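The block underneath contains the structure these notes are about, expressed in structure tokens.
The values are calculated or read from the model by the stated rules, or taken from the named source; none is laboratory data. Quantities reported herein were computed from a predicted structural model and do not represent experimental measurements. Using ideal geometry, Cβ is built from the backbone for each residue, glycine included, and neighbour counts are taken over all protein chains shown. Areas reflect the complete protein model, heavy atoms only, side chains present, ligands, DNA and RNA absent. Shrake-Rupley method; radii C 1.70, N 1.55, O 1.52, S 1.80 Å.
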Amino acid sequence: QVQLVESGGGLVQPGGSLRLSCAASGSTILIAAMGWYRQTPGKQREMVATIARGSSTKYADSVKGRFTISEDNAKNTVYLQMNSLKPEDTAKYYCNAYVWVVGAGSGINYWGEGTLVTVSS
């Protein structure tokens, strides 16, 4: 099993910055990829950014050029640096880990509890 704990959310003014952190514990050796997703009431959860083993990254079009995902393998932690924040970035942000199941040819998703990000004047 893998446990995920997010931190770093809060209230920030438009144009400001925040850095989200996600610390993984448990069977971290089996994690194939991690990412950040966000959701607001009445809307579907959407992918924000992902990073795979080998540091291959993907970003949603809405955050390209503003957000950066990175990892610190020594600390089993992934980060989301959020710059030039906009009111439409307001959401609950969730950390995700895709964990490989040995012998099954597939993996399963684990989720953190989420951290709130509010962008407002």
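What to note about this one:
- DSSP-loop trypsin sites (Lys or Arg not before Pro) across segment 43-121, with at most 11 other Cβ within 10 angstrom: 43, 64
- Carbon and sulfur %, accessible surface of the chain computed with the full protein complex present, 1.4 Å: 50
- Taking the DSSP beta bridges with both ends in the chain, the antiparallel portion is around 95 percent.
- Environment charge at residue 45 (Cβ cut-off 11 Å; Lys +1, Arg +1, Asp -1, Glu -1): +2
- Taking a straight Cα-Cα cut-off under 12 Å and skipping sequence neighbours fewer than 8 places away in the same chain, the aspartates and glutamates within cross-link reach of residue 92 are 6, 46, 113.
- Between residue 27 and 2, 3, the built amide H atoms are under 5 Å apart, and every one of these is 5 or more places off in sequence or on another chain.
- Surface exposure of the chain, expressed per residue as accessible area with a 1.4 Å probe, stands at 55 Å².
- From largest to smallest, the equivalent ellipsoid semi-axes obtained for the chain from the alpha-carbon gyration tensor read 25, 14, 13 Å.
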